[in-house]
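In what follows, a single structure is set out as structure tokens and then discussed.
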Amino acid sequence: PFRYVVEDPAKYFAISEAVGSIDISLGIKFGVQYSLWGGSVLNLGTKKHRDKYFDGIDNLEYLGCFAMTELHHGSNVQGLQTVATFDPITDEFIIDTPNDGAIKWWIGNAAVHGKFATVFARLVLPTHDSKGVSDMGVHAFIVPIRDLKTHQPLPGIEINDCGHKIGLNGVDNGALRFRSVRIPRDNLLNRFGDVTRDGKYTSSLPTINKRFAATLGELVGGRVGLAHSSVGILKIAVIIAVRYSLLRQQFGPPKQPEVSILDYQSQQHKLMPMLASTYAFHFATQYLVEKYSEMKKTHDEQLVGDVHALSAGLKSYVTSFTAKSLSTCREACGGHGYAAVNRFGTLRNDHDIFQTFEGDNTVLLQQV
């Protein structure tokens, strides 16, 4: 149920971990639909958006995307180049991709399934002076991208597939280009900033930087989810490696049965600290989810700051640790660990991008 995303995040993340433990691609598709696309409508929109889109997101009729990253801009969200210009004559925004570098890139759910996208673009208003326009900074807009009946791309929207990836090939990452696509003024997700019928900008927050911080602060759930999911993947790898090490026997005293490889110190040095860390990360991410749930209920400013720092630090630290551990687990299982059926290859490839998306780990650690 989509309502878990807001009402019971712990339950939502638990279901997400269970889905991801079977197929990480499906876990990511799940996260794009409910946490990113769905979460952006709930967290950045207002009542009119919830009323209009909630049921369709919940029952998967409105499959959607989260179109933030561009070909030239990933981490630097304030540098995004897609433009949404207000047209006061028709009461619409015109969404435009000004150059190839501004094509929305790596957008999950875009290549095959998505019907809507939350598009992050610079909000540009016409002014009646020599400047001509005024740039209000990055805002989020709901843009329909495919016809609900025929599923064909709508006029002005070009969709391409980003191609084969190292892993997560069950996720349909696509590229979106907008050529003067018109959307109603109501499609601006207006929780932190709005435009009146006559083109005046209003906001409860005084500066572009404050609005930008508030917008990104609402999207922290993705990072919380990734830290949580990464621990889920680490659990699977550690279980496979430890169980195998108990059963696998090599060497031993002359004329005696061979010894379980888990009895060797070298194997224990590889696996036991990792097992202990997995427990530590499990409880750390549970704590983070609790704090996040509390933050969603109270909107306490101190909590918002704590969750931002904790999620950035844990997402970065846990995903880096899991990535290294997946290789260690494969090595600890010798040649048999290299058989695809034993999962280390797909786990390692599918998890690798966890170190990059929802905040590049190097950048996140600098933030911390």
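Rolling a 1.4 Å probe over the protein chains gives residue 246 an accessible area of about 100 Å².
Here the Karplus relation 6.51 cos²θ - 1.76 cosθ + 1.60, evaluated at θ = phi - 60°, turns the backbone of the stretch 249-266 into coupling constants of 10, 8, 6, x, x, x, 6, 10, x, 5, 9, 4, 5, 6, 7, 7, 4, 4 Hz, with x for every Gly and Pro.
Out of every Cα-Cα pair that the stretch 173-307 contains, those further apart than 25 angstrom amount to 58 percent. Along the axis of the charge dipole computed for the chain (Cβ charges of +1 for Lys and Arg, -1 for Asp and Glu, origin at the Cα centre), the listed residues 37, 167, 279 are led at the positive end by 279. Where in the stretch 171-188 does the amide nitrogen come within less than 20 Å of the point 7 Å from the Cα of residue 154, taken along Cα to Cβ? Zone members listed by number: 174-188. Separation of the alpha carbons by more than 32 angstrom is noted, of 11/324; 48/297; 149/210, for 149/210. Count Lys and Arg as plus one, Asp and Glu as minus one, and take only other residues whose Cβ is under 15 Å from that of residue 252; the net charge is then 0. Computed about the Cα centre, the dipole magnitude for the stretch 135-244 is approximately 160 debye when only Lys and Arg (+1) and Asp and Glu (-1) carry charge, each at its Cβ. Legend: residues 348, 146, 223, sorted from most to least accessible area (1.4 Å probe; ligands, DNA and RNA excluded), read 348, 223, 146.
Can you find, among 89, 60, 142, the residue sitting farthest towards the positive end of the charge dipole of the stretch 3-218, where Lys and Arg contribute +1 and Asp and Glu -1 at Cβ? Projecting each Cα onto the dipole axis, the largest value belongs to 89.
If only the Cβ of Lys and Arg carry +1 and only the Cβ of Asp and Glu carry -1, the dipole of the chain around its Cα centre is close to 480 debye. Going through (i) 43, 24, 18; (ii) 44, 21, 17; (iii) 36, 27, 20, the figure that equals semi-axes √(5λ) of the Cα gyration tensor in Å as computed for the structure here is (ii). Under 5 Å between amide hydrogens, built in the peptide plane, is the criterion, and for residue 117 it picks out 65, 143, 145 among residues at least 5 positions away or on other chains. When peptides 264-270, 225-231 are ranked by their average number of other Cβ atoms within 10 Å per residue, the highest-first order is 225-231, 264-270.
Rank-order 208-216, 316-324 by packing density, defined as the average count of other C-beta atoms within 10 Å over each peptide's residues, highest first. The partial results should precede the final answer.
Working: 208-216: 16.6, 316-324: 21.1.
So the order, starting with the most tightly packed, is 316-324, 208-216.
Gain on full extension, evaluated as 0.36 nm per residue between residue 327 and residue 258 minus their Cα-Cα distance, stands at 22.3 nm.
If you rank 72, 49 by how much accessible surface each has, with a 1.4 Å probe, what is the order from largest down?
On the way: 72 125, 49 5 Å².
The most accessible residue leads, giving 72, 49.
Working note: Karplus 6.51/-1.76/1.60 with θ = phi - 60° gives the stretch 21-32 the couplings 6, 8, 8, 5, 4, 5, x, 6, 4, 4, x, 5 Hz, where Gly and Pro are set to x.
Averaging Cα coordinates gives a centre for the stretch 55-108 and one for the stretch 210-233; these two points are 19 Å apart.
So how strong a dipole does the stretch 3-218 carry about its Cα centre when Lys and Arg Cβ are +1 and Asp and Glu Cβ are -1, to the nearest 20 debye? If you can, show how the numbers build up before the last one.
Working: 23 positive and 24 negative charges, 54 e Å.
Dipole size: approximately 260 debye.
Its relative contact order, with pairs defined as Cα atoms under 8 Å and 6+ residues apart, puts the stretch 220-366 at 34 percent.
Work out the FRET efficiency for residue 250 and residue 71 from their Cβ-Cβ distance, taking R0 = 56 Å, and round it to the nearest 0.05. Mind dumping the intermediate values first?
On the way: r = 50 Å, r/R0 = 0.89.
Plugging the Cβ-Cβ distance into 1/(1 + (r/R0)^6) gives 0.65.
Based on the alpha-carbon gyration tensor of the stretch 287-340 and its eigenvalue square roots a ≥ b ≥ c, which shape applies: rounded if a/c is under 1.5, prolate if not and a/b is larger than b/c, or oblate? Kindly include the intermediate steps, with their values, before the conclusion.
Working: a/c = 6.30, a/b = 3.64, b/c = 1.73.
Prolate, since a/c reaches 1.5 and a/b exceeds b/c.
Please identify every one of the GluC sites (Glu not before Pro) in the stretch 53-145 that sits in a loop by DSSP and has no more than 14 other beta carbons within 10 Å of its own beta carbon.
Numbers: sites: 61, 70, 92; in loops: 61.
In loop regions of the stretch 53-145 (DSSP not H, G, I, E or B), the sparsely surrounded GluC sites (Glu not before Pro) are 61.
Shown is the FRET efficiency for residue 216 and residue 268, computed with R0 = 56 Å from the Cβ-Cβ distance and rounded to the nearest 0.05: 0.85.
Across the accessible surface of the stretch 220-366, with the other protein chains kept in place and a 1.4 Å probe, carbon and sulfur atoms take up 58 percent. Projecting label points 7 angstrom from Cα along Cα→Cβ for residue 180 and residue 127 puts them 2.6 nm apart.
Local charge for residue 166 was computed over the other residues whose Cβ lies under 15 Å away, with Lys and Arg +1 and Asp and Glu -1, and equals 0. The stretch 142-175 and the stretch 235-289 have their alpha-carbon centroids 42 Å apart.
With N set to the residue count of the stretch 220-366, report its C-alpha Rg divided by 2.2 N^0.38 Å to two decimal places.
Numbers: Rg = 18.2 Å, N = 147, 2.2 N^0.38 = 14.7 Å.
Relative to the rule-of-thumb radius for its length, the stretch 220-366 sits at 1.24.
Taking a sphere under 10 Å around the Cβ of residue 41 and counting the other residues whose Cβ falls inside, with K and R at +1 and D and E at -1, yields a net charge of +2. In the context of the full set of protein chains, residues of the chain present 48 Å² of accessible surface per residue (probe radius 1.4 Å, heavy atoms only).
The values are calculated or read from the model by the stated rules, or taken from the named source; none is laboratory data. All figures in this text were calculated on a predicted structure; none of them were measured in a lab. Neighbour counts are summed over all protein chains in view; Cβ atoms, including those assigned to glycine, are modelled from backbone coordinates with ideal geometry. Protein only, heavy atoms only, side chains kept; ligands, DNA and RNA dropped before computing areas. Shrake-Rupley method; radii C 1.70, N 1.55, O 1.52, S 1.80 Å.
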